[in-house]
Amino acid sequence: MILKTLDELAEKIIGLKNVTILTHARPDGDTVGAGLGLCYFLRSRGVKANVKNSDGFPQKFGYLYKDYEDQDFEEQSVVSVDVADTKLLGDGLIGYAENVDLCIDHHYSNKLFARDSYVDSDSCAVCLIIYRLIRKLGAVPDPLIADCLYTGISTDTGCFMYENASPESHRAAADLVEYGARAAMINREMFQIKSRGRILSEQKIIGGMRFEDAGRISLIAVTNDIIESYGIDRDDLDGYAAIPLTVEGVEIGITLKQLAEPEDTYKISVRTVEADASAIAAAFGGGGHKRAAGCSLSGSLEEVSAKMIKEAEKFL
Ligand SMILES: [Mn+2]
């Protein structure tokens with residue numbers, strides 16, 4: 001069933017018992033923040049809950065889970081957060097694919113795989129939905145939950161720089177700071193701190209940046225060669241996709257990330273200023289949001305680059 005209102009979602013949440021919360025593989029701030037935020041909130045109401053991730057949460061989110069411990073219970077409800085498609089659960093959680101009771105998401109490409117789905121593609125982050133939900137239930141987040149939800153709102157809006165940072169996103173963030181979210185620390189952790197290898201890899205990648213169509217399209221490639229020589233964690237490749245659009249005049253930014261296996265396959269991020277990124281990605285079976293989307297393509301670096309640029313040109 002499709003849940004259309006926050007009231008309907010709240011009603012489902014109230015009915016949950018012994019909850020397993022699923023987050024997506026290669027977790028980002030939104031899935032981690034929404035998963036842990038919802039988990040801590042349910043626990044604060046006396047509901048048993050755990051959060052799961054196929055790969056484990058990255059160290060950079062340690063400030064959200066350092067005191068987290070799994071609870072012992074017999075699972076009765078399964079909720080997914082920020083998961084558009086069961087494929088994104090990853091190998092470790094794919095066994096849940098047919099067994100998700102409630103899906104809370106903000107991707108309009110959501111496959112509606114759960115028994116009940118609440119999908120609000122106007123929300124910048126699932127963390128914003130969780131925040132509304134907590135308020136709807138007459139509660140306020142404690143400081144740790146505020147940190148969780150602030151993290152997802154900030155990361156999914158690119159530190160409030162993307163168009164999806166609505167007035168409500170800013171107001172919710174302000175509220176969360178009031179409830180104890182450590183905004184300065186979080187934004188420094190999420191957006192400023194990089195390993196030395198990461199900075200040097202960016203220098204290399206930027207050195208190879210390609211410009212097309214009088215500089216309106218820009219393309220970078222994160223190759224295995226670079227990943228290996230700078231010791232980059234493959235789970236930490238997200239920030240690169242923002243680089244092409246930082247160049248003046250670029251309207252469509254394309255980032256190719258080579259897979260470890262098979263090596264002729266690239267995971268591609270498309271970022272745009274005004275063009276429909278999800279439509280560009282959809283040409284190759286991908287999807288996502290209006291200004292940030294992704295797809296995969298196989299071939300040589302040259303072939304894959306040429307295909308992406310040709311498709312992107314249609315949207316200039
Ligand atoms: Mn998200």
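Every number in this text was worked out from the coordinates using simple rules, so none of it is lab data. Note that the structure is a prediction, hence the values are computed from the model and not measured. Quick reminder, even Gly has a Cβ in these numbers, built from the backbone with ideal geometry, and neighbours come from all protein chains shown.
Against the chain, whose longest principal axis comes from its Cα atoms, helix 196-207 is set at around 40 degrees. Were the residues from Lys60 through Ile2 laid out at 0.36 nm apart, the gain over their Cα-Cα distance would be 17.5 nm.
Dividing the summed helix terms, -39500 (n - 2.57) for each DSSP H run of n ≥ 4, by the number of residues in the chain produces a 222 nm estimate of -10000 deg cm²/dmol to the nearest 500. Taking the C-alpha atoms only, the angle from helix 143-156 to the longest principal axis of the chain is near 30 degrees. For the listed peptides 94-104, 135-145, a ranking on the average number of other beta carbons within 10 Å per residue, highest first, reads 94-104, 135-145.
Shape class of the range 159-234 from the Cα gyration tensor (axes a ≥ b ≥ c, square roots of the eigenvalues): oblate, since a/c reaches 1.5 or more and a/b does not exceed b/c. The length gained on full extension between Val247 and Ala283, counted as 0.36 nm times the residue separation minus their Cα-Cα distance, comes to 10.5 nm. The range 54-128 and the range 249-316 have their alpha-carbon centroids 25 Å apart.
For a modelled paramagnetic label at Phe211, 7 Å from Cα along Cα-to-Cβ, the residues of the range 289-316 in reach, with backbone nitrogen under 19 Å, are 306, 309-310, 312-313, 316.
At q = 0.09, 0.13, 0.19 Å⁻¹, what is the base-10 log of I(q)/I(0) for the range 196-313 according to the Debye formula with one equal point scatterer per Cα and no solvent? Please give it to two decimals. Relative scattering, expressed as log10 I(q)/I(0), comes to -0.20, -0.44, -0.96.
Placing +1 on the Cβ of every Lys and Arg and -1 on the Cβ of every Asp and Glu, with nothing else charged, gives the chain a dipole about its Cα centre of roughly 440 debye. For the Cα trace of the range 6-191, dividing Rg by the Kirkwood Rh returns an Rg/Rh value of 0.92. Shape of the chain from its Cα gyration tensor (a ≥ b ≥ c, root eigenvalues): rounded if a/c is under 1.5, otherwise prolate when a/b > b/c, or oblate? Cα axes put the chain in the prolate bin. Helix 301-313 and the long axis of the chain differ in direction by around 80°, with both axes built from C-alpha atoms.
Ranked by the mean number of other Cβ atoms within 10 Å per residue, highest first, peptides 17-25, 239-247, 167-175 order as 17-25, 239-247, 167-175.
Of all DSSP beta bridges confined to the chain, the antiparallel ones make up roughly 45%. Which residues among the range 127-163 fall inside the zone where the amide N is under 18 Å from a point 7 Å beyond the Cα of Asp235, along Cα→Cβ? It comes to 152, nothing else. Ranking Val47, Tyr266, Ser218 by how far each Cα lies toward the positive end of the dipole of the chain (charges on Cβ) leaves Val47 at the top.
Once C-alpha pairs closer than 8 Å and six or more residues apart are averaged by separation and normalised to the residue number of the range 6-191, the relative contact order reads 24 percent. Taking Cα centre as origin and charging only the Cβ of basic (Lys, Arg, +1) and acidic (Asp, Glu, -1) residues, the dipole magnitude of the range 6-191 rounds to 280 debye. Each peptide among 6-13, 296-303 gets the average number of other Cβ atoms lying within 10 Å of its residues, and from highest to lowest they stand as 6-13, 296-303. Here r is the Cβ-Cβ distance between Arg45 and Glu168 and R0 is 30 Å; the resulting FRET efficiency, rounded to 0.05, is 0.80.
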